[in-house]
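Q: Pasting in a structure now, in C-alpha cells, and then I'll have a few things to ask.
The values are calculated or read from the model by the stated rules, or taken from the named source; none is laboratory data. Keep in mind it's a predicted model, so treat the numbers as computed, not measured. Here Cβ is always computed from backbone atoms with ideal geometry, including for glycine, and neighbour counts include all displayed protein chains. For accessibility, only protein heavy atoms count, side chains too; no ligands or nucleic acids. Shrake-Rupley method; radii C 1.70, N 1.55, O 1.52, S 1.80 Å.
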Amino acid sequence: MTYDVVIIGGGLAGLTCALSTLQKGKRCAVIAGESSMLSFSSGSLDLLNALPDGTPASEPLKAIDTLKQQSETHPYTKIGVKSFIEKAAQAEMMLNELGCKMQGSSLKNHYRTTPVGLAKPAWLSFDGMLATETPDKLPFNSVQIFYPMGFLDFYPRFIAEEWIKKGVQVETVPFFMSKITRIQRIARIINKNNNAEAAAVPACIEQFDKLRELVNRPVYMLATMPPSALGLNLEKILRRKIIELGGDIFTEDKAVKAEWEGNKIKTVYSQKMGNIPFRGEKIVLATGGFAGRGLKATRTGIVEPLFNLDIEQDDNRENRVNTQVLQKQPYMYFGIKTDNSFRAVKNGNVTDNLYVAGAGLEGFNPAEEGCGAGVSVLTGLYVGEMF
Ligand SMILES: Cc1cc2nc3c(=O)[nH]c(=O)nc-3n(C[C@H](O)[C@H](O)[C@H](O)COP(=O)(O)OP(=O)(O)OC[C@H]3O[C@@H](n4cnc5c(N)ncnc54)[C@H](O)[C@@H]3O)c2cc1C
C-alpha cells in the first residue's frame, strides 16, 4: 500500500497531522493503534498555562517569546513564534469548521472545572462546559447539579464542596436515567426542580444542545472521570473528516516494524496487515508518551519501543524521578530527540523521512506547563503541513 504519508498513532497528534496532509492533497494512511488519550480528556484542551520556569502564562501568545528563551528543545521553540501563533489560530478554525463548537482562544486562557471541582486554566473547552474568566468567581450564586443515580464516574459532592467555598449555594440532585431516557424527560426533571439560578449536568448526556434549549435557565456541562464522552466525540469527528477527505484509517492496528535503507524508512509493517507493507515518502511517528505507549520505561532507561530512536533523558537513574511524587518529575521532560524540523534522531543521525509529532517529543512537561493538547495539535498540524 503506497501513500505520500504514513502516520503511526491515531491520537490528537496523528489525526490532526493526517488532516493537514490530506488538506494539501496528499495520500495518507493512519495506523491508529488502540484508544488514545482523548478517551481521558477533560473536554478542555490546554495550550500553555505556565512557562518552563513555572511562571503562569495566562496569555499564551504573549508568553511564547519567553518560552523560547527558557527551553531550546521545547516543541513550541522548534515550531517558532510565528508558526505557533498561526497554528493555534488554525486549530481553532479547524475545530470550528468541523462542527466542534469550542469556547476560548489562544489570546487568553479561561478556567475550567475539573472532575473534583478545582478551577484550572485551559485554552479551548467544548461549548456548554462551565468556563469562567477567573478561578474564584462562578457565573451564578446558586446552582443545582443533576446527575444520573448510580453513575460512578462523576463526583458531584466534591464539586459542591469546592463551589460552596466560593460562596455559592449548591444542591446535588440525583435522578433515574436508563438507556432509553429521552432528553425531554431530563429537561422536565431539571425544570420541575427549579430551586437555583443555574443547573449543571455531567458531560455524558447526549444531545446537550437540545437540553439547553429545553431548560428554562442556564445549564452547564461538568467534566466526568474517564472515559470522556467529549474526547471520544472529538476523535470521532476528526476520524470522520479524514475518511471524507480520502484518508485511510487502520483502526486498532499497530505498526510493528520497519525496513530501513540507510537513514530512510522504506516500509512499515503492521500487526493486522501482516506482510503487506505500508510505503510512504514520509512517515510520522505519533505514538504518544508513556500513557500512549510511545515511550517505555525499562530498567536501563527510557526507550522508544518501535524504532529504538534516540531519547533525551538523564543517564543517572536516580535523577529521573523525584521521590516527592507530587513535585515536578524530571522524566516528564524526556522524549524522542528530533532536529528543529521534528525529524527523529536514531543512533546520533537525523533520519531522512521519519518525523515525530505529539506527546512523545522531548523537552516539555504537560503536567507542569499545561500544554498537552496544544503540543499534540500544533506539532501535528506543523509536521503535516511541511509535506
Ligand atoms: C490521562 C491523561 C489525560 C489527559 N487529559 C488532557 C486534557 O484533558 N487536556 C489536555 O490538553 N491534555 C490532556 N492530556 C495530555 C495528552 O497527552 C494530550 O492532550 C494528547 O491527547 C496526546 O495526544 P497524542 O496523539 O500525542 O498521544 P496519544 O493520545 O497517546 O495517542 C497515541 C496513539 O498512538 C497509538 N500507538 C502507540 N503505539 C502504536 C503503534 N506501534 N502503532 C500504532 N499506533 C500506536 C496509541 O494506541 C494511541 O492511540 C492528558 C494526558 C493523559 C495521560
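Yes/no per residue for (1) in contact with a Lys or Arg (Cβ under 9 Å, 6 or more places away or on another chain); (2) within 9 Å of the ligand (Cβ to nearest atom); (3) farther than 21 Å from Gly246 by Cβ:
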| site | (1), (2), (3) |
| --- | --- |
| Thr2 | yes, no, no |
| Val5 | yes, no, no |
| Thr16 | no, yes, no |
| Ala29 | no, no, no |
| Glu34 | yes, yes, yes |
| Leu38 | no, yes, yes |
| Gly43 | yes, yes, yes |
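Q: Please find, among Leu245, Leu234, the residue that is touching a residue at least 60 places away in the same chain (Cβ under 8 Å), among the aliphatic types (A, V, I, L, M), open to solvent by 60 Å² or more (accessible area, probe 1.4 Å) and in the same structural domain as Cys17 (by TED's automatic domain parsing). Lay out the reasoning, then the answer.
A: Values: Leu234 fails: open to solvent by 60 Å² or more (accessible area, probe 1.4 Å).
When all the criteria are applied, what remains is Leu245.
Q: Tell me, please, whether a residue that is surrounded by 15 or more Cβ atoms within 10 Å (Cβ to Cβ), under 20 Å from Ala367 (Cβ atoms) and in contact with an Asp or Glu (Cβ under 6 Å, 6 or more places away or on another chain) can be found in region 297-310.
A: For region 297-310, residues surrounded by 15 or more Cβ atoms within 10 Å (Cβ to Cβ), under 20 Å from Ala367 (Cβ atoms) and in contact with an Asp or Glu (Cβ under 6 Å, 6 or more places away or on another chain): absent.
Q: If you don't mind, another one. Please give the number of the condition Thr21 fails out of (1) assigned to a helix (DSSP H, G or I); (2) in contact with a Leu (Cβ under 8 Å, 6 or more places away or on another chain); (3) more than 6 Å from the ligand (Cβ to nearest atom).
A: Thr21 satisfies every listed condition except (2).
Q: I'm trying to understand the selection: among the residues of region 311-351, which are more than 23 Å from Val377 (Cα to Cα) and acidic (Asp, Glu)?
A: Asp314, Asp315, Glu318
Q: Okay, next question. Quickly run through region 67-103 and pick out the residues that are assigned to a loop (DSSP other than H, G, I, E, B) and either open to solvent by less than 40 Å² (accessible area, probe 1.4 Å) or at negative phi (or both).
A: Looking only at region 67-103, we keep the residues that are assigned to a loop (DSSP other than H, G, I, E, B), and these are 71-74, 80, 98-101.
Listed by number, the residues that qualify are Ser71, Glu72, Thr73, His74, Gly80, Leu98, Cys100, Lys101.
Q: Assuming Arg239 fulfils every condition listed in (1) under 30 Å from Leu354 (Cα atoms); (2) over 16 Å from the mean Cα position of the chain (by Cα) apart from one, which condition is it?
A: Result: Arg239 fails condition (2) only.
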